[in-house]
Each structure stands twice: as structure tokens, then as C-alpha cells.
Amino acid sequence: MQNIIKNKKLLIVISTIFVIALFSVVLYQDSFAEVNVTVDGKTQSIKTSNETVGEVIKESDIYIGDADYINFDENQKLEKGMDIVIKRSRPVTVEIGTRTITKKTYKDNIKDILKDFDITLGKDDKVSPGLNAKYTDAAIKLTQVEKKEIVEEKELEFTTLYRDNKRLELGKTNTVEKGIKGVKEVKKSQTFENGKLVKEDIVSEEIVKEPVNQIIEKGKKPLTVASRGTKIERKTVSKPVKKETTVKKSSPAPKKEVQKPAKKPESKPASSNKFNAKKTITMRSTAYSIKGTTASGVPSGPGKVAVDPNVIPLGTRLYIESLDGWEDYGYAIAADTGSAIKGNIIDVFYSNRSTALKYGRRSIKVHILN
């Protein structure tokens, strides 16, 4: 009986020791946690007695950079079966036109990378490769697209219309109505890529102001110019013939007889020296009275005489001296030409037509003044 009691006591001791040992083993095993650590897709299981994620990372000699990713805070308490994920960052380049941005990021999706760069995409912007593509080592190219509409004003040229005016002298013009340019509004659609205009389309055109035509009258009235010996010359031809007949009856010297009737006025210069003339020419002369525009562009009038420019250049100042008793014509300027005025002949102007007819054809001295 005593042996049975001893055996029971021994069995109880052994059982107690086993339970204590088993409890110790279980308690020891519970002091370790098994976690999974994945770095850039590579996973390893780690048994650790550490209490936080940071302690496990440090114990495993895993470096975490500023731009690297870890899915738990380092102060997070460990739990059995915890999956710790770490993603290494790398430099990524984004090209926007001529501008380049480089930044380190752990993200591998193009859309997420641009978000990490704080780049907001417009609805028309273009990205290469696409937004849903995975990042490779090539630079991401972003084309910022801007579309806008503008309105431009363009001038419309007016048309110049000409019409004849028979009351206006030939060669002259008169602006009846000045032309006014019109205005056209052109609406355009423009497309810019990275600030550069790449496409432009005309959406609409509208004339907001019609141009006003310019109207100019052209003179058709024949220009009245000096006769240069047409009617006046025909009238003056008869007078010398009558004188010639009279001369033949009275004297064999007709020239002296012609100069006999009139006496020279006291004011008549005796020679060219009085006028400081550089040259004196004896010439034939006729007269005219028709008003018009001279060859030099000035109106005909007293003191304006017609000459042969080969003999006396236009613009030359003159003094015309009578040789037959007719009053000196006086100071004049070579201002006009004529088809009948060739060589040593000059045509002088008188305002009174009857005086011009009486003048006829006469010999004169033309003093060319300095």
C-alpha cells in the first residue's frame, strides 16, 4: 500500500515538472514573433523577440531612405504574421517642353508619379508613356495642351473709283469722297503645346464695318494753254504785210520806216549793261493772252513768256527791250514752251486780248539777267 502511495507522489511530481517544462516552452515560443519583410518585391520571414517594427528593421540592417516607402510606422508594435513592405525610391525625370524636373520617388505608376511631383494634368494634356503605364528608366514626357479662342480685327481696304468731270481741267483731280477702311472680325481657335502655337483654325468671320469707297473725279475739260501763234499769229501776219506795202511806196529802206512812227520812252534802257545782263539776244516776238498752265507748272500771266529751252532755259530771268518804239515789255521769266516757239523767237503774255492782237510780230532785245 505504501508503495502505491509513493508511486502516486512520484507520478504527480513528474507530471508537475512536465507541465512546468511544457509551459516554459510555450511561454518561450510566445516571446518570439514571426513577421514577413518584403523589400522591392523580395520577401523574407523573420522571427524576432523585438516589440516594434523599427526594432525589427534595425535588427535586420535594413536602411530606410527619406523617399523610401514602408507600410507601417516604425513605432508600430509587432504582431505575429505581420507583412512589412518596403519600397526603395529612385530618381525619375519628367520633361515638360524644354523644362526638366528630376525627383526621387518609390512610386512606379506614371499617374502616381506625376501626382507625387505635384503636377496637375489638364484634360487635353498628353503623357508618354500613358498614365496607366509602369515606369521604366526612360524620362516621362509631358505635353501641356492649351486650347483657346481669340478674336482678331482685320482692316478691309476700300476701292478707289474714278469718274470723269468735264468741268474740271484735264490732268487735274478732285477727291469727292475719301475712302474709309472697313473692319472684319475673325474668330480663331488656337492650340498651344507647352506654350507654343501648333495649330490655328478660323472658326468664323464677320464684317462689322463696311469699307467706304473713295471717289475721285478726273478732269476732262481741255487744258487752256497759250496759243503760241495760232489765231494770234494769223492775225499778226497781215499787219507786217501792210507795213511792207507802205514801206515800198515811201522808202527803199523798210526797216527804218517801221521804226519811224514811235519814239522810245525815256525809261527804256540803252544797253544790257544797265541790267547787268550776262547776255543779250536779238529775237523775234509774238504775243498771247489765253490763260492756262505753263510748262513749268505755274499759271500763265503778265511777265510769263514762252521760249525755246534750247536757247533760253526755263526759269531764266529776263528783261525784254523793244526795238520799234513799242513800250518795253520789261522784266519777265522764261516759264513756258510751245510747238511754234523754236529758235530765236519768244512769246510774251498780255492780259488784254486786243493788246496781244495789236502787238503782232516784233523784233526785240532779250537781256538774260544774272
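The values are calculated or read from the model by the stated rules, or taken from the named source; none is laboratory data. The model shown is predicted, which means the values in this text are computed figures rather than measured ones. No Cβ is skipped: glycine too gets one built from the backbone with ideal geometry, and neighbour counts run over all protein chains shown.
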Task: Residue match in the range 348-360 (condition: in the same structural domain as Thr293 (by TED's automatic domain parsing), in contact with an Asp or Glu (Cβ under 7 Å, 6 or more places away or on another chain) and outside any helix (DSSP H, G or I)) - done: no
- [ ] State whether one or more residues within the range 107-117 are surrounded by fewer than 14 Cβ atoms within 10 Å (Cβ to Cβ) and not in a strand (DSSP E or B).
- [x] no
Open item on the list: What are the pairs with Cβ atoms under 6 angstrom where one residue, in the range 122-140, is small (Gly, Ala, Ser) and the other, located anywhere, is outside any loop (DSSP other than H, G, I, E, B) and modelled with pLDDT of 90 or more? Sequence gap at least six, or different chains.
Closed with: Ser128/Lys141; Ala133/Ile110; Ala139/Thr93; Ala139/Glu95
Task: Whichever residue in the range 134-186 is of a type in the set (Gly, Ala, Ser) and in a loop (DSSP other than H, G, I, E, B) and, among such residues, is farthest from the chain's Cα centre (by Cα) - done: Ala138
Task: Test set (1) under 22 Å from Arg90 (Cα atoms); (2) touching a residue at least 12 places away in the same chain (Cβ under 8 Å) - Glu51 fails condition number - done: (1)
Task: the range 334-347 - residue that is part of a loop (DSSP other than H, G, I, E, B) and modelled with pLDDT of 90 or more and, of those, nearest to the chain's Cα centre (by Cα) - done: Thr337
- [ ] From (1) touching a Lys or Arg at 6+ places or on another chain (Cβ under 7 Å); (2) in the same structural domain as Asp116 (by TED's automatic domain parsing), pick out the condition that doesn't hold for Lys103.
- [x] (1)
